[in-house]
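Laboratory data are not the source of any read-out in this text; all were calculated from the coordinates shown. Owing to the predicted nature of the structure, the values given are computational and were not obtained by experimental measurement. Cβ coordinates were reconstructed from backbone atoms using ideal geometry, including for glycine residues, and neighbour counts include every protein chain displayed.
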Amino acid sequence: MTPRFVSDDGHKFGVNEAYLKALIENGAKAYILTLDYQSVNDYALEFDGLLICGGDDVTKKCCAGVVDHDDPDEQYRQDLFEIEMIRAFQKARKPILGICRGLQIYNIYKHGTLFNDIDRDFKDLRGLHNPAFSFEGYRHEVEIAEDSLLYHIVGSKCLKVNSFHHQAVKELGQGLKVSAISRDGVIEAIEEEGFIGLQWHPEKLHDEASSKIFQAFIDQCL
C-alpha cells in the first residue's frame, strides 16, 4: 500500500492502521511501501496488488500534468510516485484498489479532471461530504450501477457510506466507468478492468459490504 507523509519536513511517512487491519482481517499480507521511484518496477513484480490509500489533496501541479521529480514538495512527490506505481502495476496486470485520493489520482492518471472544492462547485451538497463529520459517524447513501463490478461484489444497489473529502471526479478519465454516485451528483466510485476506486473509506466502516470489497480485491491478487 502507498504511504502518505506524516511530517512537514518530508522525512516521515506511514499509513492509517485501519488500512492494515482491513487487509489483514480479510486474509492478506500487507506491506507499506517507501516512496522510492527507483523501486517502482520491483514493487510491481514482487507484490500481488496495490492499495492506493487516502490522504491529502492531489496537487494542482499534478492535475495539470507537470512532471518534475526534483520538486521538493512532498505532496507533489507522492502524486508522481503513485502515478508511476499505477503505471507499473497496470503493466504487470495486477489489481489496484484506490480509496479517496486513490480514486482521484487514478482518474488524473487516466487523463480525467477533479473538482478541487466540491463545496464551491456543487450547489446542493447538504453536508453529505463535509470533512467535519467523523469517519465513524455520519453516513449518506450512494446508488450503485447494476452493470458494475462493484455491484457484483456488494450485491446491492444502495449503500450507506462515510465521507471525508472535498475533491472529487469532474471529467471521467479515459476508459473509466462510473459505478456509484450520490444523490447530489458527486461520483463515488469508478472502475475499469483491474481497478476499483471508492470515494468513501471502507476501512473505517466495519460492515459486510466493506469486507466484501477488500475480500474481492484480495481474491483478485491471488
In the chain, whole DSSP H helices that both stretch 18 Å or further along their axis by alpha carbon positions and average at least -1.0 on the Kyte-Doolittle scale are 74-91, 208-221
Rounded to the nearest 5, what is the percent of antiparallel bridges among the DSSP beta bridges in the range 4-221? 75
In the structure shown, do any of K12/K60; K29/K212; K12/K61; K157/K204; K60/K157 have a Cα-Cα gap over 25 Å, and if so which? K60/K157
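Per residue, how much space in cubic angstrom lies within the convex hull of the C-alpha atoms of the range 4-221?
Dividing the Cα hull volume of the range 4-221 by its residue count gives 117 Å³.
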Sort the following peptides by mean Cβ neighbour count (other Cβ atoms within 10 Å, averaged over residues), highest first: 29-39, 202-212. 202-212, 29-39
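Can you tell me, using C-alpha contacts under 8 Å and at least 6 residues apart, the relative contact order of the range 4-221 as a whole percent?
Over the range 4-221, the number comes to 22 percent.
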